[in-house]
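See below for the structure under consideration.
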Amino acid sequence: MGAYINQHVLNNLFYILVSVFVFYFIYDHGEIFKKRTSYRNALLTACMGFPIILCMKFPIYIDEQCVHDFRQIPFLIGTLYGGGIVGFILLLILLAARSLIYGFEYITAIVYMTMLIATALMAPTFHALKRSNKLSMSVWLTFFLAVLVTLLAIIIADFPVTHSYIVYFILLPPIGMLFIVYIIETLKEAMIMRSKLVKIEKMEVVSQLAASISHEIRNPLTVVKGFIQLLKTPSLPQNTKDRYIQIALDEINRAEAIINDYLTFAKPTSDKVECLMVNEELQKIVQMLAPMAHMNSIEIVKKLEPGAIVGNIQYFQQCFLNLLKNSIEAMPNGGTLTISSRLHGNHVIITIKDTGVGMTAEQVNRFGEPYFSTKDKGTGLGTMVAVKMIQAMQGKLHIESEVNKGTTLTITFPKAAD
């Protein structure tokens with residue numbers, strides 16, 4: 001057998017294997033192929049038709065009686081995974097290529113029509129099998145069909161069976177089918193596992209958000225409930241009533257803020273984008289936060305250079321309101337908040353630097369996670385919203401921080417086209 005495994009055999013397998021990888025590469029990156037079976041089958045037909053032609057153009061062995069190659073492998077693969085219609089189109093491609101390269105031979109048409117009918121009938125059963133059973137079935141089906149059509153050719157055309165024919169048409173193709181089907185099933189399982197992993201990650205985020213929201217909303221609601229019950233107390237002084245009502249209103253406002261942050265994270269990104277001047281928008285945000293900074297004895301230093309990016313103005317403002325507010329809250333004893341923007345090549349770089357409490361390496365790694373916050377009463381939703389909005393505008397966030405020395409956030413956006 002070793003004498004029959006030559007460069008031409010490996011070349012035929014290479015044509016088939018590359019076509020399988022090309023199919024899954026295109027399929028994986030094209031959503032339309034996943035949504036519409038007809039498009040997927042068209043792609044499968046093209047990817048299996050190509051190696052059929054190459055195998056015949058560059059065969060394993062040619063003698064006076066028969067041309068030997070592995071054309072039946074992509075033909076059977078296409079029919080098993082695509083069904084009878086894909087198999088019929090591949091049959092037409094195979095017969096047309098056979099006629100153009102070597103001339104038409106009616107026995108070839110009979111052999112591959114027989115293979116098509118048998119394989120198309122077995123395709124539904126093949127799809128329902130587990131991976132190991134698919135491997136077994138592909139081997140035995142290929143071997144059975146090779147023997148069947150050989151007997152058919154002998155009966156109809158008194159076809160001579162040579163040693164090379166037995167090796168290249170009956171013995172080696174089942175081994176090739178085993179190898180190719182194994183690769184296909186491995187690629188399919190990898191794609192399915194990746195899809196499941198994405199779903200699991202999404203569900204984990206949802207569960208974390210649900211836990212965070214339920215916990216954070218329950219606290220203010222409990223306070224509100226308690227003070228409303230206290231308001232039922234007979235002969236309660238008016239000033240005490242007013243104080244209780246104000247506390248209840250403050251807690252309701254806190255619950256509303258938490259819900260708003262959650263909804264901002266959960267709703268899809270707006271399609272409305274425009275060219276915005278980073279320095280002008282940051283200037284507006286600084287003016288909004290100036291009273292808060294003044295109350296906390298924080299000096300704001302601005303170094304804003306003109307620079308334009310493409311994005312949603314509302315989301316940009318909310319993103320940097322959250323980030324700057326976090327920086328101010330990180331300096332309870334006062335300090336300096338430095339905000340700068342500059343152009344660097346094809347990017348606009350925004351830097352936010354504070355002299356606050358800083359973060360540990362673990363806190364930096366968890367920055368933006370749901371319900372993780374360095375603040376005692378924080379939900380983590382503000383930073384989570386900010387990170388999402390930076391990503392939506394094709395930006396990148398880099399964090400440098402040291403405990404008790406401060407934090408520096410560097411946000412890089414693509415520069416808007418001139």
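The count of lysine pairs in the range 274-414 with alpha-carbon distances below 16 Å, taking only pairs 8 or more places apart or on different chains, stands at 11.
Quick one: net charge around residue 288, please, counting Lys, Arg +1 and Asp, Glu -1 for every other residue with C-beta under 14 Å from its C-beta. Walk me through the numbers on the way to the answer.
Details: positive: 284, 302, 325; negative: 280, 281.
For residues surrounding residue 288, the net value is +1.
Neighbours of residue 16, meaning other residues whose beta-carbon lies under 12 angstrom from its beta-carbon, give a summed charge of 0 when Lys and Arg score +1 and Asp and Glu score -1. Here the label points at residue 238 and residue 109, each 7 Å from Cα along the C-beta direction, are separated by 10.5 nm in the simple model.
In plain terms, the chain is cut at each of the GluC sites (Glu not before Pro) found in a DSSP loop with at most 15 other Cβ atoms within 10 Å, and the longest leftover piece is 106-418.
Applying 1/(1 + (r/R0)^6) with r as the Cβ-Cβ distance of residue 405 and residue 292 and R0 = 25 angstrom yields a FRET efficiency of 0.65. Within the chain, DSSP assigns beta bridges of which about 80% are antiparallel (rounded to the nearest 5). Hydrophobic, long helices, defined as DSSP H runs whose alpha-carbon span along the helix axis is 20 Å or greater and whose mean Kyte-Doolittle value is at least -1.0, occur in the chain at 7-29, 37-57, 84-102, 106-128, 131-157, 172-230, 238-266, 278-295, 313-329.
Residues whose amide H comes within less than 5 Å of that of residue 356, counting only those at least five positions distant or on another chain, are 406, 407 (H built at 1.01 Å from N in the peptide plane). If the segment from residue 197 to residue 417 were pulled out straight at 0.36 nm per residue, it would be longer than the present Cα-Cα gap by 75.5 nm.
Put the Cα centre of the range 82-133 next to the Cα centre of the range 44-76 and the gap is 12 Å.
Read-outs throughout are calculated quantities, based only on the coordinates presented, and are distinct from any laboratory measurement. It should be emphasised that the depicted structure is a prediction, and the values quoted were computed from it without experimental measurement. Ideal geometry is used to build each Cβ from the backbone, glycine not excepted, and the neighbour counts take in all protein chains shown.
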